[in-house]
Amino acid sequence: MRNRLLAVAAVAAAITVPAVAAQAQTVGIVRGGPPVAVEDDYGLTVEQRPAFREYIVRERVPNYTIPDRVVIGTVLPEAGVTTYDVPQRFGATPYRYTVVNGETVLVEPRSRRIVQVVD
């Protein structure tokens, strides 16, 4: 009886954990590519976004133009797009930022993949 109870608990946990983890992710589709899931915990929070947008305007960050749509998962070209460190006052983040096609984005530095569009 105890083995059956443990088996039922294990199955319930296996079903619940992916559903809870999926709630903390943003999923983007890249044209011709696979879906990309990004943990929201590592980007800017909703509360930080207005102050971050003001910071971008104040710093006069240049706008880069690319032919692709600006969506999560888009890989920015290595040449012609400069990324910048996110200031510490917006929290520790492994990402960098830039402005592309008028959209402020967070970028994973190694792959240059967009991980968050700051709206």
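What follows draws every value from the coordinates through simple rules; no lab data is involved. Everything quoted here is computed from the prediction, not taken from an experiment. Glycine also receives a Cβ, built like all others from the backbone with ideal geometry; neighbour counts cover every protein chain displayed.
Observations, loosely collected:
- The value given for region 61-119 is a Kirkwood hydrodynamic radius of 11.4 Å, derived from the mean inverse Cα-Cα separation.
- Rounded FRET efficiency, nearest 0.05, which uses the C-beta distance separating Asp85 from Arg53 and R0 of 22 Å: 0.85
- Förster-model FRET efficiency, 25 Å R0, Thr45 and Glu78, C-beta, rounded to 0.05: 0.30
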